[in-house]
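Taking it in order: structure first as structure tokens, then the write-up.
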Amino acid sequence: MRAEKNYGFPPTYKLMLRALMPSDKLKVLDLGCGMGAAGEFLNSEKNREFTGIDIYEPYLKICKKKGNYKKIIQADITKFEI
């Protein structure tokens, strides 16, 4: 049996997230996506529409390379107004 990647999430957090996420046609906005650990963990089957936003371009390049995000946006999330 192959061990599951940790991705830096506590085990209870991972179980909770998986239980809350429907399996199809879900759109997710990952603010401050970093190197894409959440997208890699939650969208490993690439069946959800993930958008990642981060200010640091080298992290966004890593996210793009992993292929778990449909859109990648470079932006400072502290500047967003609602």
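For region 27-36, the tally of residues that are assigned to a strand (DSSP E or B), over 16 Å from THR78 (Cβ atoms) and open to solvent by 40 Å² or more (accessible area, probe 1.4 Å) stands at 1. I'd like the full set of residues that are aliphatic (A, V, I, L, M) and part of a helix (DSSP H, G or I), limited to region 38-82. ALA38, LEU42, LEU60, ILE62, ILE77 - these are the residues of region 38-82 that are aliphatic (A, V, I, L, M) and part of a helix (DSSP H, G or I). Of all residues in region 70-82, those that are under 15 Å from GLY36 (Cα atoms) have Cβ atoms under 7 Å from Cβ atoms of residues that are of a type in the set (A, V, I, L, M) and in a helix (DSSP H, G or I), 6 or more apart or on another chain, in ILE72/LEU60; GLN74/LEU60.
To keep it simple, each residue is scored yes or no on (1) modelled with pLDDT under 75; (2) among the aromatic types (Phe, Trp, Tyr); (3) under 15 Å from the mean Cα position of the chain (by Cα).
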residue	(1), (2), (3)
LYS5	yes, no, yes
TYR13	yes, yes, yes
ALA19	no, no, no
VAL28	no, no, yes
GLY32	no, no, yes
MET35	no, no, yes
ALA38	no, no, yes
ASN47	no, no, yes
THR51	no, no, yes
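Note on region 37-72: residues that are exposed (fewer than 15 other Cβ atoms within 10 Å of the Cβ) and touching a Ser or Thr at 6+ places or on another chain (Cβ under 9 Å) amount to 4.
The values are calculated or read from the model by the stated rules, or taken from the named source; none is laboratory data. Model, not experiment: these values are computed from the prediction. Reconstructed Cβ throughout: ideal geometry from the backbone, glycine too, with neighbour counts over all protein chains shown. When the accessible area is computed, the model is the full protein with side chains, heavy atoms only, and any ligands, DNA or RNA have been set aside. Shrake-Rupley method; radii C 1.70, N 1.55, O 1.52, S 1.80 Å.
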